[in-house]
Amino acid sequence: MMETGKVLSGLSYLSVFFAGIIFPLIVYFVAEDKRAKEHAKKALLSHLIVLIPVCITFVTFIIEASNNAEFPVLFIISIILTILTSLIVTVWNIIKGIKVFTSEHF
């Protein structure tokens with residue numbers, strides 16, 4: 001049988017699919033297990049990383065829209081950056097979640 005801290009830790013990473021920032025935040029403040037808190041913090045930070053390129057995309061959209069850019073190169077590059085960052089973060093969270101669930105000592 002899995003212990004609660006291990007389940008909460010693994011789900012904190014895998015929450016990238018179902019509860020994003022909310023689940024690891026709740027686990028961080030509610031869990032009593034130090035390891036679960038540590039994993040929740042790492043998962044939360046990894047979920048927040050995606051907000052950086054999203055903000056950059058928003059700013060480049062505003063800049064290029066206000067300049068009436070014919071071909072918005074920076075906006076397109078920032079969208080590609082956002083997609084790549086999201087993919088990397090998602091894969092990293094899947095790997096970390098699986099590692100937590102499969103390890104004997106999480």
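Numbers for the structure displayed
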quantity	calculated
Sequence-separation-based contact order of the stretch 41-98, relative, with Cα cut under 8 Å and 6+ spacing, percent	46 percent
More than 18 Å apart - percent of Cα-Cα pairs taken over the stretch 47-95	34 percent
Residue-normalised accessible area of the chain, given per residue in Å² at a 1.4 Å probe	67 Å²
Accessible area of the stretch 15-61 belonging to carbon and sulfur atoms, whole % at 1.4 Å probe	77 percent
Cα radius of gyration and Dmax for the chain (Å)	17.4, 60
Listed residues Leu87, Leu51, Tyr13: farthest to the positive end of the dipole of the stretch 1-100 (Cβ charges)	Tyr13
Chymotrypsin sites (Phe, Trp or Tyr not before Pro) restricted to the stretch 1-87 and DSSP loop, no more than 15 other C-beta within 10 Å	Phe17, Phe18
Relative contact order [Cα under 8 Å, 6+ residues apart], the chain, whole percent	35 percent
Stretchable slack from Phe17 to Glu104, in nm (0.36 nm times residue separation minus alpha-carbon distance)	28.9 nm
Overall Cα dimensions of the stretch 1-51 - principal axes, largest extent first, Å	34, 18, 13
The chain: calculated mean residue ellipticity at 222 nm from DSSP helix runs of at least 4, using -39500 (n - 2.57)	-26000 deg cm²/dmol
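The values are calculated or read from the model by the stated rules, or taken from the named source; none is laboratory data. Remember, predicted model here, so these are calculated numbers, not experimental data. Ideal geometry is used to build each Cβ from the backbone, glycine not excepted, and the neighbour counts take in all protein chains shown. Surface areas here come from the heavy atoms of the whole protein model, side chains and all, with no ligands, DNA or RNA. Shrake-Rupley method; radii C 1.70, N 1.55, O 1.52, S 1.80 Å.
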